[in-house]
Amino acid sequence: MTYDKHYYDGTWQSSTGGETIAVISSATEQEVARVPRGTAEDVDRAVKAARRGFESWRRLPVEERAQWLEKLSAAMKTRVPRIAEAIAHEVGTAIGFATKVQAEFPIMMIGMNAKFIRETKLEEELGNSLVIKEPIGVVGCVTPWNYPLHQVVCKIAPALAAGCAVVLKPAEMAPLSALMLADAAHEIGLPKGVLNVVSGSGRVVGEAIVAHPDVDMVSFTGSLQAGRRIASVAGEGIKKVCLELGGKSAFVVLDDAPFDKAIPAGVNNCMQNSGQTCSAWTRMLVPRSRHDEAVEFAKGQLAKLTLGDPFDKNTRLGPLASAAQRDSVLGFIEQGKKEGATVVAGGGKPANLPTGFYVEPTIFAHVDNKMTIAQEEIFGPVLAIIPYGSEADAIAIANDSQYGLAGGVWGGTNERALEVAKQLRTGQVDINGGRFNALAPFGGYKKSGIGREIGPLAIEEYFQLKSIQR
Ligand code: NAD
């Protein structure tokens with residue numbers, strides 16, 4: 001599975017640098033592919049192609065753009081097994097979850113954006129003005145490795161639907177599904193310059209995209225640290241930015257919640273994709289009087305989540321994406337122990353899995369919200385159970401975070417859970433087991449980001465407004 005070229009201007013293009021990046025399997029630690037290490041020159045060529053592509057793409061009738069998205073979605077469907085396999089290697093995602101959540105779901109979202117743009121009102125009369133939504137222009141998209149295709153689709157599908165052209169840089173650790181997307185675009189004959197993909201490092205390719213004078217907007221998903229840098233470089237160019245950054249989401253279990261349902265749901269949420277999920281509920285807030293009961297339920301659920309080879313159908317949790325990610329997570333676990341939290345499950349490397357970047361799913365109990373493991377995004381299979389006194393304390397603890405991306409509340413009634421949910425400073429909250437909704441906007445309060453993705457409202461990010469008075 002090797003891609004030796006970038007994709008821009010409607011064709012596969014050799015990199016001007018000639019160097020490549022190895023893609024490593026998180027399970028076997030072996031190289032599974034190589035992709036080009038792009039240069040600023042590659043980016044410049046791709047942005048110029050996007051600018052040309054934009055001029056004709058934005059003029060296409062909405063219906064035609066919608067049909068292109070449907071064709072792209074159909075072409076991607078034939079690639080599901082290959083995408084799932086690539087992501088199981090790159091990220092360590094268990095193959096069943098990789099197939100459904102990492103491949104099928106984003107492919108469906110491409111098609112959903114066709115419907116969203118058909119239903120978007122592009123003109124509105126306001127007094128003597130005609131207010132028109134126009135596509136913002138060339139969008140630079142920079143994405144992370146944990147849900148590699150999903151994060152790409154969250155940006156490119158609404159951007160293309162709105163009439164923008166895109167230059168995408170996928171994560172260096174997980175670039176293969178983005179290149180398969182380019183392959184699908186090429187196969188269906190998507191107009192040239194509309195979707196352009198340059199692989200490479202954040203420092204070189206990512207920064208060149210963000211700083212390029214012909215890029216009108218930057219949509220970034222990744223760490224807070226990189227988001228800060230990107231926002232400041234984009235700020236120099238007075239570019240719009242959309243930032244989807246980290247999280248340290250709280251799951252508030254109220255004293256009248258059914259623990260047998262709530263606690264397992266909280267554990268599953270935290271451990272999904274081996275904890276490499278920005279919206280994971282990594283802090284579980286439980287009433288102090290029921291702390292030990294919560295720990296027992298949590299341990300019981302964790303024991304059901306088999307750790308192992310991502311290609312084994314019985315595996316629920318695979319390895320972490322890289323050696324660096326594994327070492328970082330193990331470092332946080334040691335810090336938790338040092339700061340006095342109690343390990344009640346896991347806590348290190350599994351002895352039976354010597355090859356692959358595995359970390360035991362780990363539960364800490366008696367965690368204080370001031371501890372490092374309750375404040376920093378660990379991005380691994382680590383749950384912190386935090387006892388609280390009153391409901392007001394629970395809300396204060398949940399909000400005592402620099403992040404505000406997601407969260408959950410489970411109470412004896414929906415009404416009580418809803419009242420608590422309204423007081424959480426975070427972009428999404430699921431109450432009493434509320435399911436993920438592909439129409440709901442997703443994004444962060446506070447340092448979790450700026451802007452929203454997913455659903456019909458995400459398209460709005462890619463418009464600018466023009467007022468014509470008459
Ligand atoms: P990262 O910030 O290291 O990298 C993300 C992307 O940015 C990569 O493609 C990288 O090459 C690029 N990049 C890095 N520095 C850059 C720079 N200076 N200029 C331009 N591009 C640059 O993040 P990661 O390790 O790939 O992903 C994990 C992080 O992503 C976590 O913090 C996680 O919470 C966050 N995340 C957020 C969401 C969300 O929707 N809010 C979703 C998934 C992941």
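The values are calculated or read from the model by the stated rules, or taken from the named source; none is laboratory data. Fair warning: this is a prediction, and the values are worked out from it, not measured in the lab. Cβ coordinates were reconstructed from backbone atoms using ideal geometry, including for glycine residues, and neighbour counts include every protein chain displayed. Keep in mind that these areas ignore ligands, DNA and RNA; they rest on the heavy atoms of the full protein, side chains included. Shrake-Rupley method; radii C 1.70, N 1.55, O 1.52, S 1.80 Å.
Please work out which residue is surrounded by the fewest Cβ atoms within 10 Å (Cβ to Cβ), limiting yourself to region 162-188 and to residues that are of a type in the set (A, V, I, L, M, F, W, C) and near the ligand (Cβ under 9 Å from one of its atoms).
Filtering region 162-188 for residues that are of a type in the set (A, V, I, L, M, F, W, C) and near the ligand (Cβ under 9 Å from one of its atoms), the one surrounded by the fewest Cβ atoms within 10 Å (Cβ to Cβ) comes out as M173.
For G443, work out the one condition from (1) open to solvent by 60 Å² or more (accessible area, probe 1.4 Å); (2) within 15 Å of the ligand (Cβ to nearest atom); (3) in contact with a strand residue (DSSP E or B) (Cβ under 7 Å, 6 or more places away or on another chain) it doesn't fulfil.
With respect to (1) open to solvent by 60 Å² or more (accessible area, probe 1.4 Å); (2) within 15 Å of the ligand (Cβ to nearest atom); (3) in contact with a strand residue (DSSP E or B) (Cβ under 7 Å, 6 or more places away or on another chain), G443 is out only on (1).
Quick check on my filter: what residues within region 361-388 are open to solvent by 10 Å² or more (accessible area, probe 1.4 Å), within 23 Å of the chain's Cα centre (by Cα) and more than 16 Å from the ligand (Cβ to nearest atom)?
P361
List the number of the failed condition for W281; all other conditions in (1) within 16 Å of the ligand (Cβ to nearest atom); (2) open to solvent by less than 10 Å² (accessible area, probe 1.4 Å) hold.
(2)
Restricting attention to region 100-120, which residues are within 14 Å of T78 (Cβ to Cβ) and buried (at least 21 other Cβ atoms within 10 Å of the Cβ)?
The answer is A103, I107, I110.
Looking only at region 23-45, count every residue that is farther than 11 Å from E90 by Cα and either touching a residue at least 40 places away in the same chain (Cβ under 8 Å) or aliphatic (A, V, I, L, M) (or both) and tell me the total. Lay out the reasoning, then the answer.
From region 23-45, those farther than 11 Å from E90 by Cα are 34-45; that's our starting set.
If we keep only those that are either touching a residue at least 40 places away in the same chain (Cβ under 8 Å) or aliphatic (A, V, I, L, M) (or both) as well, we get 35-40, 42-44.
Here the count works out to 9.
From the residues in region 224-242 that are among the hydrophobic types (A, V, I, L, M, F, W, C) and open to solvent by 10 Å² or more (accessible area, probe 1.4 Å), which one is nearest to the ligand (Cβ to nearest atom)?
A226
Working carefully through the options S274, S219, find the one that is in contact with a helix residue (DSSP H, G or I) (Cβ under 8 Å, 6 or more places away or on another chain) and among the polar types (S, T, N, Q). Show your work before the answer.
Working: S274 fails: in contact with a helix residue (DSSP H, G or I) (Cβ under 8 Å, 6 or more places away or on another chain).
After ruling out the rest, the residue left standing is S219.
Would a scan of region 351-359 turn up a residue that is in contact with a helix residue (DSSP H, G or I) (Cβ under 6 Å, 6 or more places away or on another chain) and open to solvent by 10 Å² or more (accessible area, probe 1.4 Å)?
Yes, the conditions are met somewhere in region 351-359.
For P191, work out the one condition from (1) farther than 15 Å from Y3 by Cβ; (2) out of contact with any Pro (no Cβ under 6 Å at 6 or more places or on another chain); (3) within 11 Å of the ligand (Cβ to nearest atom); (4) open to solvent by 10 Å² or more (accessible area, probe 1.4 Å) it doesn't fulfil.
Here P191 clears every test but (3).
Here is a list of conditions, (1) over 24 Å from E187 (Cα atoms); (2) buried (at least 22 other Cβ atoms within 10 Å of the Cβ), and G53 meets all of them except one; can you say which number that is?
Against the list (1) over 24 Å from E187 (Cα atoms); (2) buried (at least 22 other Cβ atoms within 10 Å of the Cβ), G53 comes up short only on (1).
From the residues in region 448-459 that are in a helix (DSSP H, G or I) and touching a residue at least 40 places away in the same chain (Cβ under 8 Å), which one is most open to solvent (accessible area, probe 1.4 Å)?
Filtering first and then ranking leaves P456.
So which pairs qualify, if the first residue must be in region 251-277 and modelled with pLDDT of 95 or more, the second must be open to solvent by less than 20 Å² (accessible area, probe 1.4 Å) and basic (K, R), the Cβ gap must be under 8 Å, and the two must be at least 6 apart or on different chains?
F251/R283
Between D312, D260, which is acidic (D, E) and more than 23 Å from A398 (Cα to Cα)?
D312
Would you mind telling me which numbered condition in (1) out of contact with any strand residue (DSSP E or B) (no Cβ under 7 Å at 6 or more places or on another chain); (2) open to solvent by 40 Å² or more (accessible area, probe 1.4 Å) L149 fails?
Condition (2) is where L149 drops out.
Being within 16 Å of the ligand (Cβ to nearest atom), of a type in the set (A, V, I, L, M, F, W, C) and open to solvent by 10 Å² or more (accessible area, probe 1.4 Å) is the filter here; which residues of region 244-269 pass it?
Across region 244-269, the qualifying residue is only L245.
Considering A298, A345, A321, which residue is within 21 Å of the chain's Cα centre (by Cα) and in the same structural domain as A384 (by TED's automatic domain parsing)? Before you say what the answer is, go through the steps one by one.
Values: A298 fails: within 21 Å of the chain's Cα centre (by Cα); A345 fails: within 21 Å of the chain's Cα centre (by Cα).
Only one candidate passes the filter, namely A321.
Check T315, T342 and return the single one that is more than 16 Å from the ligand (Cβ to nearest atom), surrounded by fewer than 19 Cβ atoms within 10 Å (Cβ to Cβ) and at pLDDT 95 or above.
Answer to the check: T342.
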